[in-house]
Amino acid sequence: MAADTWLVVGLGNPGAGYASTRHNVGQMVADELARRLGARFSRHKAHALVAEGRMVPGGPKIVVAKSMSYMNTSGGPVAALLSYYSLDVDRLIVVHDELDIPFDTLKLKTGGGHGGHNGLRDIGKAASADFTRVRVGIGRPPGRQDAADYVLRPFAAAEREVLPSVIADAADAVMLIVDDGLVAAQQKVHAPKA
């Protein structure tokens with residue numbers, strides 16, 4: 001089963017109070033992927049919500065997950081899901097917000113540091129840092145605003161107008177990685193916009 005299965009984890013914090021914040025853009029992408037799969041999230045014993053399906057009949061199985069723990073304790077649920085589905089970390093794609101990338105920009109990579117992102121730090125400690133990342137740019141906070149406050153605030157009105165296309169592009173990037181591999185996905189996603 002594991003040979004054709006991918007685990008896609010959208011990072012964020014649980015609860016309605018966090019649902020529209022910048023830090024939860026990973027979970028917004030997870031919701032879009034589940035919608036495309038025609039799958040509903042259900043509770044999993046790994047302390048996560050999970051939706052499973054295939055984009056096309058006979059295609060790879062996609063397990064989309066959202067941790068039910070807070071961002072800084074994402075590692076436990078991710079490690080438990082990898083174990084449950086008998087997956088190596090090279091079958092893990094984590095979708096997360098990224099301060100060091102401008103809003104409406106995506107970057108794809110495997111491995112690397114956590115850059116101060118507590119969710120990535122915890123996954124690296126609990127599983128491995130060698131997973132594939134879909135980094136969704138949210139930009140730096142304006143002025144002297146604290147980064148921790150910035151990521152826990154909702155997107156600005158102008159950003160909210162563009163956000164649906166950002167989420168769709170990130171979901172497309174996940175599927176490019178699954179279908180064509182990271183290098184081909186990077187070439188397409190990182191290409192200058194026409």
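Could you give the distance between the Cα centres of segment 128-194 and segment 5-31, to the whole Å?
When both Cα centres are located, 12 Å separates them.
Run through the DSSP bridge list for segment 1-142 and note the antiparallel percent, rounded to the nearest 5. Walk me through the intermediate numbers first.
Values: 15 of 30 bridges.
Roughly 50 percent of the DSSP beta bridges within segment 1-142 come out antiparallel.
Which whole-number percent gives the relative contact order of segment 1-150, counting Cα pairs below 8 Å spaced six or more residues apart? Don't jump to the answer; show the numbers that get you there.
Numbers: 325 pairs, mean separation 39.2, N = 150.
Relative contact order here is 26 percent.
Using a Gaussian network model of the chain with C-alpha springs under 10 Å, which one of D97, D169, D146 is most mobile by mean-square fluctuation?
In the Gaussian network model the winner is D146.
Kindly list the residues of segment 95-112 that lie in the label zone of D180, defined by a backbone N under 19 Å from the point 7 Å along the Cα-to-C-beta vector.
Output list for this probe position: 105-110.
So how far apart, in nm, are the two label points at V56 and K107 if each is 7 Å from Cα heading toward Cβ?
3.2 nm
Calculate, in whole percent, how much of the Cα-Cα pair population of segment 74-129 lies beyond 15 Å. Walk me through the numbers on the way to the answer.
On the way: 747 of 1540 pairs.
When every Cα pair of segment 74-129 is considered, 49 percent fall beyond 15 Å.
How high is the FRET efficiency between K125 and A157 when r is their beta carbon distance and R₀ equals 25 Å, given to the nearest 0.05? Each step should come with its number before you reach the end.
Values: r = 37 Å, r/R0 = 1.48.
Calculated transfer efficiency: 0.10.
How large a share of the accessible area of segment 41-191, in percent, is made up of carbon and sulfur atoms when the probe is 1.4 Å and the other protein chains stay in place? Could you put the intermediate results ahead of the total?
Numbers: 3580 of 7120 Å².
Looking at segment 41-191 in its full context, I get 50 percent from C and S.
Please give the contour-minus-distance gain from A168 to D4: 0.36 nm per residue of separation, less the Cα-Cα distance, rounded to one decimal in nm.
Values: separation 164, 0.36 × 164 = 59.04 nm, distance 2.33 nm.
So the chain would gain 56.7 nm between A168 and D4.
Out of [x] 56, 34, 25; [y] 49, 38, 30; [z] 51, 34, 28, which label holds the value of Cα extents along the principal axes in Å that was computed here?
Checking each listed value against the structure points to [y].
So what is the calculated 222 nm ellipticity per residue for the chain, using -39500 (n - 2.57) for each DSSP H run with n of 4 or more, over all residues, to the nearest 500 deg cm²/dmol?
On the way: 6 runs with 69 residues, N = 194.
Taking each H run of at least 4 residues, the total per residue is -11000 deg cm²/dmol.
Accessible area per residue for segment 1-107 in Å², computed with a 1.4 Å probe and the full protein assembly in place, what is it? Spell out each step's value before the answer.
Numbers: 4520 Å² over 107 residues.
Solvent-accessible surface per residue comes out at 42 Å².
Select from segment 95-157 those trypsin sites (Lys or Arg not before Pro) which occupy a DSSP coil region and have at most 12 other Cβ atoms within 10 Å, ordered by residue number. Mind dumping the intermediate values first?
Values: sites: K107, K109, R121, K125, R133, R135, R144; in loops: R144.
Those that pass, being in a loop and sparsely packed, are R144.
Within segment 1-62, list the chymotrypsin sites (Phe, Trp or Tyr not before Pro) lying in a DSSP loop whose Cβ has at most 14 other Cβ atoms in a 10 Å radius.
Numbers: sites: W6, Y18, F41; in loops: F41.
When the chymotrypsin sites (Phe, Trp or Tyr not before Pro) of segment 1-62 are filtered for loop state and at most 14 Cβ neighbours within 10 Å, nothing remains.
The values are calculated or read from the model by the stated rules, or taken from the named source; none is laboratory data. This is a predicted model, so every value here is computed, not measured. Heads up, the Cβs are rebuilt from the backbone with ideal geometry, glycines too, and the neighbour counts pull from every protein chain shown. Just the protein is used for accessible areas: all its heavy atoms, side chains included, with ligands, DNA and RNA removed. Shrake-Rupley method; radii C 1.70, N 1.55, O 1.52, S 1.80 Å.
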